[in-house]
Structure formats: structure tokens, C-alpha cells
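The values are calculated or read from the model by the stated rules, or taken from the named source; none is laboratory data. Here the structure is a predicted model, which is why all the values come from computation and not from measurement. Here Cβ is always computed from backbone atoms with ideal geometry, including for glycine, and neighbour counts include all displayed protein chains.
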Amino acid sequence: MSYEEAACLLYTGLTTWCALTSAGGLNASNAADKNVLVIGGSGGVGNSAIQILKSWGAKVTTTCSTNAINLVKELGPDNIIDYTTVDAQKQLEQYGKYDLILDAAGIPYEDIGGAYTPLLKPWSWATFITLRSPVLHNTDSYGVVFGMLKNAYDLVVPNVCSGAVFKGSTIRWGFFMLAERGIAELAQLAAEKKITVPVDSVYEFADMKKAFGRVKAGHLRGKVAVKFDEK
């Protein structure tokens with residue numbers, strides 16, 4: 001594994017692991033046969049989620065665009081849905097209901113309720129996890145105290161307006177955290193070749209702007225890494 005792959009695995013893998021375990025309540029001991037939807041399987045978090053969940057024994061359905069299907073297929077999900085097709089929503093319903101939905105594509109909040117929370121298993125505390133947390137933005141904009149109040153508001157409103165809480169499910173935020181147990185598990189998966197991290201592109205430090213431009217352009221096939229001078 002290259003330095004770039006190792007760096008991407010640590011950040012992407014831990015983001016995924018923390019979202020699944022802390023926000024989603026899943027782990028290697030209880031995920032067997034759970035039905036999970038990963039939205040955006042071709043990106044860094046998406047492909048890490050597929051591999052981690054499959055190593056735990058979960059049933060995984062994922063979405064991606066047409067030209068990413070072959071890449072995603074190599075990760076071993078049970079079902080792949082091309083979200084550009086006209087019957088994508090019907091396919092999502094066909095493979096549901098889901099115990100957990102992980103949004104690795106950044107679905108807008110207003111689209112969560114109509115398209116995705118109805119796919120969660122009712123009255124089973126099924127969870128929709130988004131990585132688009134407003135915590136840092138709210139803290140910067142409103143300060144610590146009012147930022148915390150705004151965070152509470154921003155978490156409660158989607159749960160109520162989407163109807164999730166009225167069907168025994170929740171919308172939660174996933175975060176990156178330095179977790180020793182997560183690092184150890186990722187290291188073991190890497191050693192057993194059960195997880196790989198596709199690297200979309202590697203840039204020299206002097207080309208940092210180009211790296212940001214690549215991220216901004218979207219439709220990544222893995223992570224974008226910046227290489228520092230080895231000296």
C-alpha cells in the first residue's frame with residue numbers, strides 16, 4: 001500500500017467506520033444480514049462503506065453512475081443501482097426496506113424526506129446518516145452557544161419534516177473521529193486485503209489548487225491525495 005493509499009484509508013476509512021458505528025450503531029458483531037443502502041458507492045467514503053459492511057456480513061445495495069459500475073462491482077456489493085436510469089427509485093424500493101442508509105453523495109436535506117426516509121424499515125430505529133453536518137458552519141456563524149442551539153434545530157427539523165420520527169426511524173450526522181479501535185480494525189482489514197482505497201488522483205503540494213479543482217469538479221473515483229516532498 002502506498003503512502004497516498006494509506007493516508008486516504010485512514011481519513012476515509014475512519015469517517016466511514018465512525019459513521020457506521022457511532023451514528024448507525026452497526027459493528028462487526030451485529031451487522032450480519034442487516035440491509036444497508038450506500039448512496040454514492042464510487043466515492044471514497046462510499047467504497048470504504050461497501051467493503052467494511054461486507055466484511056461485517058451485511059447485505060449492501062449501492063448507487064453510482066453508469067461509468068462507475070465496473071469500479072463499484074469490484075468492491076462486492078450485493079446490488080448496484082445506476083441512479084441515472086428512469087427506474088432507479090423503483091429499484092431502491094425493490095431492494096429495501098433498509099436498516100441503515102448512508103449518504104456518501106451529499107444528498108440535499110430537502111430530498112431526504114421524499115425519496116429516502118420512506119425506504120427505512122419502520123419502527124425498527126432504522127437510521128439515515130448524512131455526512132453533511134452543519135456543526136462547524138453554525139459554530140463559526142453563531143458562536144458556541146447559539147451555534148449549539150442552531151445545531152439542535154437543524155437536526156430536529158429534518159427528522160420531523162421528513163416524517164422519520166413518526167415511523168420510528170431517525171436522521172443523524174456522521175463525523176470523522178480519531179478512534180483507536182477503528183484504526184486497528186481498518187489495519188486488520190487492510191492486512192487481510194479486505195479493503196482497498198481507490199485513489200482518484202495524486203497532486204504535488206505545489207499543485208494544491210488543481211487538487212481542490214478536481215474535488216470541486218465532482219464525480220470522483222476515489223480520493224484525491226496531495227503528495228508532500230519526501231525530503
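Scanning the range 193-211 for residues that are under 18 Å from Val45 (Cβ atoms) and either of a type in the set (A, V, I, L, M, F, W, C) or in contact with an Asp or Glu (Cβ under 8 Å, 6 or more places away or on another chain) (or both) returns Ile195, Thr196, Val197, Val199, Ala211. Scan the range 101-117 and give yes if some residue there is in contact with an Asp or Glu (Cβ under 9 Å, 6 or more places away or on another chain), modelled with pLDDT under 80 and hydroxyl-bearing (Ser, Thr, Tyr), otherwise no. Within the range 101-117, one or more residues are in contact with an Asp or Glu (Cβ under 9 Å, 6 or more places away or on another chain), modelled with pLDDT under 80 and hydroxyl-bearing (Ser, Thr, Tyr). Could you say whether any residue in the range 30-39 is more than 29 Å from Lys227 (Cβ to Cβ) and acidic (Asp, Glu)? Scanning the range 30-39 turns up at least one residue that is more than 29 Å from Lys227 (Cβ to Cβ) and acidic (Asp, Glu).
Per-residue answers, yes or no, for (1) among the hydrophobic types (A, V, I, L, M, F, W, C); (2) more than 29 Å from Ala68 (Cβ to Cβ):
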position	(1), (2)
Ala152	yes, yes
Arg172	no, no
Met177	yes, no
Val226	yes, no
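Looking only at residues of the range 61-102 that are assigned to a helix (DSSP H, G or I) and touching a residue at least 24 places away in the same chain (Cβ under 8 Å), we find that the one that is surrounded by the fewest Cβ atoms within 10 Å (Cβ to Cβ) is Glu93. Considering the range 124-168, the residues that are touching a residue at least 24 places away in the same chain (Cβ under 8 Å) and of a type in the set (Val, Ile, Thr) include one that is farthest from Ala104 (Cα to Cα), namely Val135. One residue stands out in the range 112-147 among those that are surrounded by fewer than 20 Cβ atoms within 10 Å (Cβ to Cβ) and among the β-branched types (Val, Ile, Thr): the one that is nearest to Thr170 (Cα to Cα), namely Val135. When Gly41, Gly57 are checked against the criterion of being assigned to a loop (DSSP other than H, G, I, E, B) and within 28 Å of Val86 (Cβ to Cβ), Gly41 stands alone in meeting it. Scanning the range 24-49 for residues that are touching a Ser or Thr at 6+ places or on another chain (Cβ under 6 Å) and without any contact (Cβ under 8 Å) to a residue 40 or more places away in the chain turns up just one, Asn27. Select from the range 8-44 the residues that are within 21 Å of Tyr95 (Cα to Cα) and among the β-branched types (Val, Ile, Thr) and list them in ascending order. Hits for the range 8-44 are Val36, Val38, Ile39. Scanning the range 184-231 for residues that are part of a helix (DSSP H, G or I), surrounded by fewer than 16 Cβ atoms within 10 Å (Cβ to Cβ) and under 17 Å from the mean Cα position of the chain (by Cα) yields a single hit, Val215.
Among all residues of the range 207-229, there is none that is farther than 18 Å from Val38 by Cα, in contact with a Gly (Cβ under 8 Å, 6 or more places away or on another chain) and in contact (Cβ under 8 Å) with a residue 12 or more places away in the chain. The residues of the range 57-75 that are of a type outside the set (D, E, K, R) and closer than 17 Å to Thr12 by Cβ, listed by number, are Val60, Thr62, Cys64, Ala68, Leu71, Val72, Leu75.
Taking Ser2, is it more than 18 Å from Trp56 (Cα to Cα) and surrounded by 24 or more Cβ atoms within 10 Å (Cβ to Cβ)?
Taking the combined requirement at face value, the residue does not satisfy it.
Looking across the range 6-32, the residues that are modelled with pLDDT of 90 or more, crowded, with 23+ Cβ neighbours inside 10 Å and under 21 Å from Asp200 (Cβ atoms) come down to Gly13, Thr16, Trp17, Ala19.
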